[in-house]
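Trainee: Quick one: the structure is below, questions incoming.
No value in this document is a laboratory result; all are computed from the given coordinates. These numbers were taken from a predicted model, which means no experiment stands behind them. Methodologically, a virtual Cβ is constructed for each residue, glycine included, from the backbone with ideal geometry; neighbour enumeration extends over all protein chains shown.
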Amino acid sequence: MILDLTMFINKYLSSARIAGLLALLSFFYYLWITVIRSSRNMKLSSVSPPEVAGALPILGHLLQLVGARPLFKVLAEMSDNYGPIFMVRIGMHPTLVVSSWEMAKGCFTTNDRFLAGRPSGASNKYLTFAMLAFTTYGPYWREIRKISTVHLLSHRRVELFKHVPELEIGNCMKHLHRRWMKSQNQNDTATGSVKVDMSQVFGELGLNVVLKLVAGKTIFFKNCNNHEYDSKDGDDGHNEEEEEGQKLHKTIIEFFELIGALVASDALPFLGWLDVDGKKKCMKRVAKDMDFIVPKWLEKHRHQRRRAALSNSAAGGSSNHDDAKDFMDVLISVLDGENDDLFFGYSRDTVIKATSLQMIAAASDTTSLTLTWALALLITNPTVLRKAQDELDTRVGKERNVKEHDINDLVYLQAIVKETLRMYPAAPLGATHEAIMDCNIGGYEVRAGTHLLVNLWKLHRDPRVWSNPSEFKPERFLPQLDGGSGGEAADLDFRGQDFEYLPFGSGRRMCPGIDFALQTVHMALARLLHAFDFDDDSAGLVIDMTEGSSITLPKLTPLEVYLRPRLSAKLY
């Protein structure tokens, strides 16, 4: 939501050229807002939520919220003082912050429809145009959500494409093994192990999996089946396609940083005609970069479909959605079925491109971040790591690789993933909701237009629910018979009905990609822990667990580890 407004505020406060004009505009705008709010407050039968002290005219609580510390931690400290539901003012926007499961339940059950909106702002105009997760509640959102959940992300569709993550994860393991082999030949690392930036590896893996699912192409680890090392490890450097992939990965990181940033005109609407902080320019650039290659993919898919249609027609056959090779094929099949050129006011190409980009950006980033935090937690908790590898050796053995059907038997590994999502939810504040109607939450009146943030990071650390909430303890998710703590969280699930635990959100706007995310994370983590051992103390390497700031939850520093194979060479 907020990254760093210090530069903007300094400019805003120090610019003599526009100070007088802004002061005048601010005075009348603030006076108008105050009169409107006062007249509405007289009509409210219930009390308003407590508001954090120290709000400034116009700026609200911006000076208390900006800075180097992640926003979810700042809001968590405010919750300690003001309770599980309170108000902050982000510029001119009143924002409700919820930090307990009881208040979250009130938001996502009786008030779910009233809080299903999304704020309109610069990112919607320049960066997230027509994307499902950022589109406000209405007919377009309902239809594209239905298409996404039924045709793209349903359990059945994930099963149809389950070979894709398994194949790409296998290629990633081969890539890591070849990195290790090359390091042993060059003898330039710690004895018996190789230093690897796993943040980069997980980022490339996540992008590879989702690109294959969405567009039918891969970028990284492509040479792993050959006898030569990957191009990035050779003297020839990156090939053109890999460079394109690296640029796309970097662009996706920028994408999440920008949609998590507060644009000056979002906080202070009367500045809409200015780009004081330069973020609108950055959004336009990132949107252009993300949109550069997708039209080429779309045109290629349409060309291939025309050729296939001619072949099927000549053979007297037909096709359906299950014949689709990837998600873009599915979208074309579903959306091109009508004669109307527009889809709820959008061109069909715009909808296909926006939905494809949404899938690529969201799925690749959140998957790679979850894997990064999981491995970092395991390396800093070696007892848990050994238990996970012991389970793999018992259930799978060392004579074959992990298969998809093994995952159900790996209950401790599943508990590790659940505990990782508890401590480091991929989106610690979720996506911002907006009240589209007046509603009542916890006895407090919430007006239409109010923004809503659910602090999952704080909610997942509630000591009323979680014993030693800052401790990494996967056993809390195991029943007593499986070595768990006997009921603390054994019955909690992450599908939005247990409000003490909401890593994927809840209600009608919860993440629709749970099945895909879990399939990829479980398989990637299982294969990695089965295939490699990790030296946590090689060369004095220390794992820094500091969180970064974004709408998602990046690790501030890259996760660099020393690894070495633990299986026979034929299994890589």
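Trainee: Quick one: Karplus J couplings for the range 522-528, per residue in order, coefficients 6.51, -1.76, 1.60, θ = phi - 60°, nearest Hz, x for Gly and Pro?
Mentor: Using θ = phi - 60°, the values come out as 4, 5, 5, 5, 4, 5, 5 Hz.
Trainee: Return the sequence-ordered ³J(HN,Hα) values of the range 170-180 in whole Hz as given by the Karplus equation 6.51 cos²θ - 1.76 cosθ + 1.60 applied to θ = phi - 60°, using x for Gly and Pro.
Mentor: Residue by residue, the range 170-180 yields x, 5, 5, 5, 4, 4, 5, 5, 5, 4, 5 Hz.
Trainee: Set the Förster radius R0 to 35 Å, insert the Cβ-Cβ distance between residue 289 and residue 541 as r into 1/(1 + (r/R0)^6), and round the FRET efficiency to 0.05. Mind dumping the intermediate values first?
Mentor: Values: r = 34 Å, r/R0 = 0.97.
Using R0 = 35 Å, I get an efficiency of 0.55.
Trainee: Counting only C-alpha contacts under 8 Å and six or more residues apart, can you give the relative contact order of the range 105-194 as a whole percent? Working shown, then result.
Mentor: On the way: 35 pairs, mean separation 11.5, N = 90.
It rounds to 13 percent for the range 105-194.
Trainee: Quick one: of 284/418; 125/555; 247/555; 403/473; 247/387, which pairs are farther than 31 Å apart, Cα to Cα? Intermediate values should be presented prior to the final figure.
Mentor: Numbers: 284/418 37 Å; 125/555 29 Å; 247/555 20 Å; 403/473 26 Å; 247/387 38 Å.
Cα-Cα > 31 Å for 284/418; 247/387; rest within.
Trainee: Name the long-range amide H neighbours of residue 438: under 5 Å, sequence gap of 5 or more, or other chain; modelled H, no Pro or chain starts.
Mentor: Close amide H contacts, sequence-distant or interchain: 448.
Trainee: Among residues other than residue 514 whose Cβ falls under 11 Å from its Cβ, what is the net charge (Lys/Arg +1, Asp/Glu -1)? Numbers along the way, then the final one.
Mentor: Working: positive: 495; negative: 493, 515.
Result for the local shell: -1.
Trainee: A further question on this structure: Filter the GluC sites (Glu not before Pro) in the range 437-529 to those in DSSP coil with at most 11 other Cβ atoms within 10 Å of their Cβ, and list the result. Can you show the working numbers first?
Mentor: On the way: sites: 445, 471, 475, 488, 500; in loops: 471, 488, 500.
Within the range 437-529, the qualifying GluC sites (Glu not before Pro) (loop, at most 11 other Cβ atoms within 10 Å) are 471.
Trainee: Under 9 Å from the Cβ of residue 530, count the other residues' Cβ atoms, weight Lys and Arg +1, Asp and Glu -1, and hand me the total.
Mentor: My count for the surroundings of residue 530 gives +2.
Trainee: Which of the trypsin sites (Lys or Arg not before Pro) found in the range 415-481 are loop residues per DSSP with 11 or fewer other Cβ atoms within 10 Å of their Cβ? Could the numbers behind the result be given before it?
Mentor: Values: sites: 418, 422, 447, 458, 461, 464, 476; in loops: 447, 461, 464.
Those that pass, being in a loop and sparsely packed, are 464.
Trainee: Return the long-range amide H neighbours of residue 547 (sequence gap of 5 or more, or a different chain), with a cut-off of under 5 Å between placed amide H atoms.
Mentor: Here 556 satisfy the definition.
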